[in-house]
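All of the numbers you see were taken from the coordinates with simple rules; none came from a lab. Every value quoted in this text rests on a predicted model; they were computed, and no experiment measured them. Methodologically, a virtual Cβ is constructed for each residue, glycine included, from the backbone with ideal geometry; neighbour enumeration extends over all protein chains shown.
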Amino acid sequence: MKTEETLEHQWKAKRILNNALMQKRISHAYLFEGPSGTGKLACALAFAKAIFCEQPNEGEACNQCAQCRKFENGNQQDLRTIAPEGQSIKIDQIRQLQRDLSYRKTTSGRMVYIIEQAEKMTIQAANSLLKFLEEPVSPVVALLITSNVQAVLPTIRSRTMNVPFTPLSPELMLEQLTMEGASPTLARAAVQLSSGIDGARAILEKNGFAEIRTLVIQLGKESITTYTTAMLTAAQKLFKGEYADQIELVLQLLLLWFKDMTQFQAGRQENLVFIDQLEWISAHAFSRSFAGWVSCMEHILEADKRIKANVTPQLSIEQLLVKLQEG
Ligand SMILES: [Zn+2]
């Protein structure tokens with residue numbers, strides 16, 4: 001996904017920053033917060049560039065002036081970026097930053113610093129930064145970035161202006177993951193199983209996700225037949241080897257399979273998760289009523305509940321498959 005598209009999606013954050021630039025009322029500290037993969041860093045960099053720009057237009061950098069060129073060439077000396085060293089951002093890093101900023105004579109009138117993964121500041125680092133935020137050296141702008149705002153000290157949150165980033169839609173996540181090289185059919189399922197792009201990535205990296213998906217398709221197809229043996233054979237595969245601890249994932253995928261049947265019946269083909277199975281789905285989606293598919297989904301949720309209540313997975317799944325065949 002292009003950065004511009006991500007940023008377009010983040011109209012709330014954009015509006016806050018554009019207004020600040022256009023009204024020349026830039027706060028001394030901002031907290032960019034929201035799920036990862038939502039363009040926070042790209043947006044912070046664009047904002048910093050526009051702050052330095054000699055002739056910003058409607059809150060955007062002109063991309064032509066000397067300052068913009070410096071920025072693009074990575075020579076903007078008035079910009080500092082801090083990121084965790086190892087597991088955390090340490091007090092020495094914050095002290096170094098403060099020294100840098102207080103001795104530096106700016107060429108552009110303002111200095112900007114970006115702190116990535118701001119939630120990883122140690123308590124000492126955060127307290128040190130806090131003093132700095134409370135007594136701002138006037139032409140300094142702090143851009144703090146975090147995917148975990150709950151882990152940022154409340155005192156820091158209260159001294160920074162909140163710039164919220166919203167989760168990407170499944171469509172944008174799908175586009176991003178595909179661009180990163182994920183298989184589109186697998187990514188399509190992964191984004192439905194997760195609320196954020198990191199979660200979707202983790203699912204894609206799971207061992208055997210592709211095989212599990214194939215197995216679910218097999219189970220789904222067998223479930224409308226009466227060949228119990230074939231069904232149980234497929235189910236047996238589940239309990240062999242590495243899939244045994246992935247039962248929850250299997251059930252979630254199976255739920256999406258039956259949801260696909262209802263989506264097809266409702267004429268929403270474009271929403272299908274198992275889009276590569278369109279041919280089979282279009283031939284069989286009307287073999288049961290809408291309510292029939294919905295009760296299949298209910299059986300799955302019921303099985304999930306039983307497993308969570310410590311009924312053995314194997315027993316729960318076998319009972320589930322019988323129920324699915326009964327419709
Ligand atoms: Zn410019």
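Our compactness index for the stretch 257-299, the C-alpha radius of gyration over the empirical 2.2 N^0.38 Å, is 1.02.
Is the stretch 3-166 rounded, prolate or oblate when judged by the Cα gyration tensor, a ≥ b ≥ c being the square roots of its eigenvalues, rounded requiring a/c under 1.5 and prolate requiring a/b larger than b/c?
Values: a/c = 1.67, a/b = 1.20, b/c = 1.39.
Verdict is oblate for the stretch 3-166.
Within the straight-line cut-off of under 14 Å between alpha carbons, the aspartates and glutamates reachable from LYS221 are ASP260, ASP276, GLU279, GLU326, sequence neighbours fewer than 8 places apart in one chain being disregarded. For the residue pairs LYS24/LYS120; LYS24/LYS70; LYS120/LYS305; LYS206/LYS237; LYS14/LYS206, the C-alpha atoms sit more than 29 angstrom apart in LYS24/LYS120; LYS120/LYS305; LYS14/LYS206.
What does the C-alpha gyration tensor say about the overall shape of the stretch 110-168? Classify as rounded when a/c is under 1.5, otherwise prolate if a/b is larger than b/c, or oblate. Each step should come with its number before you reach the end.
Working: a/c = 1.88, a/b = 1.28, b/c = 1.47.
Oblate, since a/c reaches 1.5 and b/c is not below a/b.
For the listed peptides 110-116, 258-264, a ranking on the average number of other beta carbons within 10 Å per residue, highest first, reads 110-116, 258-264.
Kindly rank 64-73, 213-222 from highest to lowest mean number of other beta carbons found within 10 Å of each residue. Spell out each step's value before the answer.
Values: 64-73: 15.5, 213-222: 19.8.
The packing order, highest mean first, is 213-222, 64-73.
The distance from the alpha carbon centre of the stretch 138-196 to that of the stretch 285-327 is 34 Å, rounded to a whole number. When a/c is below 1.5 the answer is rounded, else prolate if a/b is larger than b/c, else oblate, so apply that to the stretch 177-327 with a ≥ b ≥ c taken from the square roots of the Cα gyration tensor eigenvalues. The shape class here is oblate.
Taken along its principal axes, the alpha carbon cloud of the stretch 53-111 reaches lengths of 38, 25, 21 Å, longest axis first.
Taking the chain as a Gaussian network of alpha-carbon nodes connected by springs under 10 Å, the highest mean-square fluctuation of the residues ARG80, ARG188, ARG104 belongs to ARG104.
Between SER27 and ARG99, the contour length at 0.36 nm per residue exceeds the Cα-Cα span by 23.8 nm. Annotation: peptides 170-177, 201-208, 308-315, ranked by per-residue average of other Cβ atoms within 10 Å with the highest first, follow the order 170-177, 201-208, 308-315. Estimated from the Cβ-Cβ distance and a Förster radius of 45 angstrom, the FRET efficiency linking ASN63 and GLU85 is about 0.90. Of all DSSP-defined beta bridges confined to the stretch 3-166, some 10% are antiparallel rather than parallel.
Looking at the chain from every direction and averaging, what is the projected area of its Cα convex hull in nm²?
Numbers: hull surface 82.0 nm².
Average of the hull's projected areas for the chain equals 20.5 nm².
The modelled label-to-label distance for the pair ASN148/GLN319, using points 7 Å beyond Cα in the direction of Cβ, is 3.8 nm.
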